[in-house]
Amino acid sequence: MTIIYAIIIFCLLIFVHELGHFIVAKSCGVKVNEFAIGMGPAIYKKQKGETLYAIRIFPIGGYCAMEGEDEDSDNPRALNNQPAWQRACILAAGSIMNFLTCVVLLIVIAFWVGTATTTIDTVAPDSPAEKAGIVSGDEILSIDGEEIDQWDDLIQTIGYSKEETAQITLLRDGREETVTAELVYDKDAGRNMIGITPVMERHFFGSIGEGIKNTGVMTVMMYKVLKQLFTGEVSVKELSGPVGIVYATNEAAKSGVMYVRRCFP
C-alpha cells in the first residue's frame, strides 16, 4: 500500500503541475506537441489535433512538450517566439496549479474530518475531566473566566496553562455549571490534557475557510523553514527528498488513508 500511495501522490503532483503548463500554453496559443504522464514506452496514446496525449509505463514523471521549449523554433506559435510575460505565465502555471491543488485537497479534508465544536463528544475514563464531573454533551463556555468560542481556544487555555487546575464553566441542559478540573501534562502531546474530545461538525463553507487557512499556515511554515536554511538554523540534511516522502507516507498510511495528507502541503 505504501508504494501505491506514493505512486498516486507523485502522479497527482506531476499531473496537475504539467496540466497547469498545458492549460496556459493552449490559452496563449502555444503549440503543444505532447502531453504525457509517466516516462518510457507509451501504454496508451491518442493523437487529438496537433497534440499527442500519452500515458507511459513508468509513473515517475511526466511532461508537457511545447514547440520551442528545448530549442529555438521558427514556428510563430513556438514558446520561444512568445512575449516574455506569456512565457513567464506558462512556466509559473505548474507551481500555481500545485498550490491550488493543495487548497482544494485541504478543503476536502476539512469537510471530511469536520470542524471541532466546543461541545464535548467523549470523556476518557478516569481522566481529570471525568473526575471533575464533565460528561458528554456539555458545552464549554469559559475557562478561568476566559470565553471559549472555538476548540482551539480551549487547547490554548488548558494546554499551556501554568496552573494546576482550571475552572471550567459548562452549559448543561440549559443551565450553567462550573467545575474544577486538574491539569495533567502529557509529554507526548507537549501540553496539558484533561481527557476530552469535541463533537465534529461538517459545514461546506466553513470547510472552504478552513482549507484556505490551513494552506496559509503551511505556506508560512515553508517560508520559515527556507529562512532557517539561509540562517543556518536548519540543516539541509533535515530536508526530505522523494525517498523521505515515501518513508513519511509509509508511516502515515499505517494510521489510514486520511492521515497520508499530513505528509504534503
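The values are calculated or read from the model by the stated rules, or taken from the named source; none is laboratory data. Worth saying up front: this structure is predicted, and the values here are computed from it rather than measured. Note that we place each Cβ from the backbone using ideal geometry, even for glycine, and neighbour counts take in every protein chain shown. To get the accessible areas, we keep the full protein, side chains included, count just its heavy atoms, and leave off ligands, DNA and RNA. Shrake-Rupley method; radii C 1.70, N 1.55, O 1.52, S 1.80 Å.
Structure above, values below:
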read-out: Simple label model, 7 Å out from Cα along Cβ direction - R202 to T117, nm; value: 1.5
read-out: Accessible area of the chain divided out per residue, in Å², using a probe of 1.4 angstrom; value: 62
read-out: Separation of the I57 and F99 label points, Cα + 7 Å toward Cβ, nm; value: 3.9
read-out: Average Cα contact separation per residue, the chain, under 8 Å, 6 or more apart, as relative contact order %; value: 17
read-out: Whichever lysines have a C-alpha closer than 24 Å to that of K213, once near sequence neighbours (fewer than 8 apart) are set aside; value: K224, K227
read-out: Cβ-based net charge around N192, under 10 Å, with every Lys or Arg adding one and every Asp or Glu removing one; value: -2
read-out: Kirkwood Rh in Å, taken over the chain so that all alpha-carbon pairs contribute; value: 22.6
read-out: Principal semi-axes in Å for the stretch 1-133 [√(5λ), Cα gyration tensor, largest first]; value: 46, 19, 10
read-out: Theoretical gain in end-to-end length, N33 to T231 [0.36 nm per residue, Cα-Cα removed]; value: 66.9 nm
read-out: Inter-probe distance in nm under a simple model that places probes 7 Å from Cα toward Cβ, at W85 and E139; value: 5.3
read-out: Percent accessible area from carbon and sulfur atoms, the chain, protein chains only, probe 1.4 Å; value: 60
